[in-house]
Every structure is written in C-alpha cells, then in structure tokens.
There are 2 protein chains.
Amino acid sequence: MPATTTERQLTIGGLIFPGLDQCDFTGPFTALSRVPNSRFLTLWKELEPVTDLNGLRLLPDTTLREAPQLDVLLVPGGKGQEGLMTDEVVISFIRQQAAGASYVFSVCTGALLCGAAGLLQGRRATTHWAALDVLPYYGATVSTERVVVDGSLITTGGITAGIDGALQVAALLRGDTVAQEIQLDIAYDPHPIFSAGSPATAPAEVLRAVQARTQALTDRRLAAGRIYQAGPAV
Amino acid sequence: MPATTTERQLTIGGLIFPGLDQCDFTGPFTALSRVPNSRFLTLWKELEPVTDLNGLRLLPDTTLREAPQLDVLLVPGGKGQEGLMTDEVVISFIRQQAAGASYVFSVCTGALLCGAAGLLQGRRATTHWAALDVLPYYGATVSTERVVVDGSLITTGGITAGIDGALQVAALLRGDTVAQEIQLDIAYDPHPIFSAGSPATAPAEVLRAVQARTQALTDRRLAAGRIYQAGPAV
C-alpha cells in the first residue's frame, strides 16, 4: 500500500512533444495537477511552444535537461511519437527518469516510447486499440484493460483513457479518498451519448472507417517494432 | 435534423482566459478538432500565453477582435470566469458571436459567462454541480443532465462533461456516424475506477470535503448572480 501521507511534496512531470495528442497529456493533467502537495512540470527539449497533432499549442515549463528527478513521469502518445522512437535524448530521458521514479504512466501510444526505452520488457501493458499488436515487439504482454497497473508501470488505452489512468495514479500516490475527491471536483461521471468508444462496441462501419484512416500509421509502427526487436537502436 | 454534408468548412472557436480550467477547453478540443472539414481557433484578447488555474499554459491563435464569425463558440469555465462576468470585451464577444453562430457550447461554469451575456434567459441549462444554484439568477431553468441541448445552446456539467458535450455538438454538426468515428478514434469508452463523479454517487465525506473547499467561490458566484438579476451591468 503506497503511503497516503501528504507530507512530502511530489513532483509530477509530463512530457510533451510536437505531434502529441494533447488530450493524452491534458486529461491526466486535469487530475494529477490536483494531487495535494504536489507540483506538475510540463517538459520538453526546449522552452518553445509545442504544437499538438490538431494544432493546439502548449508551453513547456522546464527542459528535459533541467528536469529534476520526478516521482511520476507521464508519457503521452499521438502521431508525433513515431519520430521519437530513436531519439536518444528523449528515450534516454524516459529511461533515466524511470530508474528513479515511483511510477511511469503512459497514455495511448506513449506506451511505445516506453517500449523504446526498454520499460515494457516482461510487463503487462496496453495502448490505443489500433496499436495493440505493436506492443509484443517491445517485450510486453498485451492487455486490453483500459488501465493496466504492473508494478511501477501504468499504461492506458487510447487518448481519453488517460483520465481513468490518472485517477488510478492519484489513488496510488495519495489514497482512494483523495482520488475520489479529485473525481468529484472534475465531475468525472461520464455519460457518452453513443457506445462507439471501443472496437468491441462501435458499429462495424465506424470501425472500418477509423481503421482505414489509421492503417498506414499502424503499419509504420509495426515496422518500427520489428526493427527494435531485431536489435534495439538505443 | 441538421445537415450532415461536409461541403462547407466549419469554423469552431474556443475562448480561453487566465484561470480557466484547461480541461473545459481541451476536452472539447479533442473531439471538435476532429470534425471533418473544419478548423479550430483558440481565442483570447491577446496572443500571449494564457495560464490555466493549475498552471498549464496555452497559446491563443487569434484575438477576439480578429476572430471571424464562428459556427460554434466554445465557452469554458474555471475560477477565472469570475473576473470576466462584467468584462465588456469578453461578454460582448460572446453575445455578438452567439447572434451569428449555429451553436454556443458552454462547459462547466462557462455557462455563467453565457448568462452574463444574456444567453440563458428562458433556456434550460446546466453547469458544474457546485454552481447549479447560480443559474436561475441568469434566467435559466436548471437541469441536472450532464449535457443539455436547448436549441442553439448546449451546456454541460463540470469540467470532464465537456467531452460528452463535444460529441453531442459533433453529432449536431456532422451527424451521428461522424461523432461515433470521433468517439472510437479518441477511445472514449470511460471506465472510472471509482463512482465518485457526482454528488449523487460520491461518498458523503468526499462530497463534504469538496464542497468545503469550493464554498467561498460558490458564495461569490451567487452574489454576482444576485447583482446581475437586480440590474444587469452589461
């Protein structure tokens, strides 16, 4: 049982990068920035604005080089993940922070960045439903749960799953009551107007349309996984 | 039934402001930035970064003065809403855009800004559960539904309710199938680990703790509502 004391200030850091899906980051920020006696640092290589895959611009607080050791490292995904899989600065940052952090928390295809850092070897993990087949190349056992906790590694499904994951992380950090207070504050009582949020529940034609649009990216992610498995570049 | 053609490009604009809750904005951005043949503009008085109530910094794309007529105006809330209730630039912007927009879409206490602009008179509306009692001062009939559609006005509950609302807006703009494709893409199949997201489901001590922390702000919002009702300043 993790300590629920609020005595020690926690430092939570979230990686951002060009082409991230901002929701992978902002969903968890909503919950984790409310953890009592903590600070949240938004991190990237430089301090210039970072543009998400649909154009929203976020500002980092601190560079990767200047970041302190984090208690929690949030690793979002999104199309821009692809370009970072062999980026030694980013992958080393994830690996080094993971060595000292209490938790590494990936959302969506942020799991693949954790994979490139070697963090998925022998772990149960998940990612966006369209990229699940990529995980085994990084040594993970695939789970289709929305939030997967394997020791210090928390991985979640796609994009909006980061909110579910962040409440789990809040509970691990400060206990269930604190996480419930955050949930009530952010009114997280979801009522989707459709039941199309997963491949299992979406109408067949909806699934086909979304798969068709993401197939090329999925194929490239699979190819990168095969290259990694054949001999990691980092 | 709204048109589902994708022929005309839609312009969706989201207001941001100091002290907003970024999730009120970024949750809807996640869904609405994916509406086919549309563009999304992030709007504020100036082009400098805007800091959310927990420290995340977002960059506007366009000033209020230079914004084109929008098809959809997103109005988020958060503590910073309080300081804008008599801000003539902001309230006039909301009122003028509303006159030409297909939809005005408020999240959380963004509804109170819509109230200050006169948009709630005679309408069914909702807001964050802690601020529901404020709505009648602006002429609204209170609803406790998570997403309330009253003609061209869509209002939602607190913070994370914006995601549910945005899928509703996407369906109104482009039809149910498009909204379902967005839902699947963003993997919106929520599974909260606790059932504490509304006053009706949260444990009593959790509700008491969160209410205690927000009571002073709620009292000030009620006071502002009484002043508005006594004689609108705008």
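The values are calculated or read from the model by the stated rules, or taken from the named source; none is laboratory data. These numbers come from a predicted model, not from an experiment. A quick note on method: Cβ atoms are made from the backbone with ideal geometry, for glycine too, and the neighbour counts reach across all protein chains shown. Only protein heavy atoms, including side chains, enter the accessible area calculation; ligands, DNA and RNA are left aside. Shrake-Rupley method; radii C 1.70, N 1.55, O 1.52, S 1.80 Å.
Okay, here's what the table says:
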item	result
Set of lysines with alpha-carbon distance to A:Lys79 below 22 Å, sequence-local pairs under 8 removed	A:Lys45
Per-residue HN-Hα couplings for region B:151-159 [Karplus 6.51, -1.76, 1.60; θ = phi - 60°; Hz; x = Gly/Pro]	x, 8, 9, 10, 10, 10, x, x, 6
Residues with amide H under 5 Å from that of A:Leu41, placed H, sequence gap 5 or more	A:Ile12, A:Gly13, A:Gly14
Relative contact order, percent, region B:98-234 [alpha-carbon distance under 8 Å, six or more residues apart]	24 percent
Minimum 20 Å² accessible area buried by the other protein chains, region A:36-56 residues, probe 1.4 Å, relative to alone	A:Asn54, A:Leu56
Rg/Rh ratio calculated on Cα atoms of the protein assembly as shown (Kirkwood radius)	0.96
Fraction of beta bridges assigned by DSSP in the protein assembly as shown that are antiparallel (%, nearest 5)	25 percent
Other-chain or far-sequence residues with amide H under 5 Å of B:Asp150's (modelled H)	B:Thr155
Carbon plus sulfur fraction of accessible area for region B:113-234, probe 1.4 Å, in percent	51 percent
Exposure of B:Arg213 as accessible area (Å², to 10), given a probe of 1.4 Å and all protein chains	150 Å²
With all protein chains modelled, accessible area of B:Glu48 [1.4 Å, Å²]	110 Å²
Computed E for B:Ala230/B:Arg65 - FRET, C-beta separation, R0 30 angstrom, nearest 0.05	0.45
Mean projection area, nm², convex hull over Cα of region B:10-230	11.6 nm²
Solvent exposure ordering (accessible area, 1.4 Å, most first) of A:Val178, A:Val134, A:Val142	A:Val142, A:Val178, A:Val134
Region A:21-85: trypsin sites (Lys or Arg not before Pro) falling in loop per DSSP and having at most 15 other Cβ within 10 Å	A:Arg65
Charge sum, other residues only, whose C-beta stays under 12 Å from A:Thr51's C-beta, Lys/Arg counted +1 and Asp/Glu -1	-2
Mean ellipticity per residue at 222 nm, deg cm²/dmol - from DSSP H runs of n ≥ 4 across the protein assembly as shown, formula -39500 (n - 2.57)	-11000 deg cm²/dmol
Residue-by-residue Karplus 3J(HN,Hα) for region B:65-72, coefficients 6.51, -1.76, 1.60, Hz, glycine and proline x	5, 9, 5, x, 4, 9, 7, 9
Candidates A:Pro192, A:Pro60, A:Pro76, ranked by Gaussian network fluctuation over chain A, Cα under 10 Å, top entry	A:Pro192
Length-normalised contact order of chain A in % [C-alpha pairs under 8 Å, at least 6 apart]	20 percent
DSSP-defined antiparallel bridges as percent of all bridges, region B:10-230, nearest 5	25 percent
Label distances, nm, A:Val89 versus same residue in remaining copies, Cβ-directed 7 Å point	3.6
Cut-off 15 Å between beta-carbons: net charge of the residues surrounding B:Leu184, Lys and Arg +1, Asp and Glu -1	-1
Label distances, nm, B:Asp150 versus same residue in remaining copies, Cβ-directed 7 Å point	5.0
Solvent-accessible surface (1.4 angstrom probe) belonging to B:Glu66, in square angstrom, nearest 10	130 Å²
Cut-off 11 Å between beta-carbons: net charge of the residues surrounding A:Thr30, Lys and Arg +1, Asp and Glu -1	-3
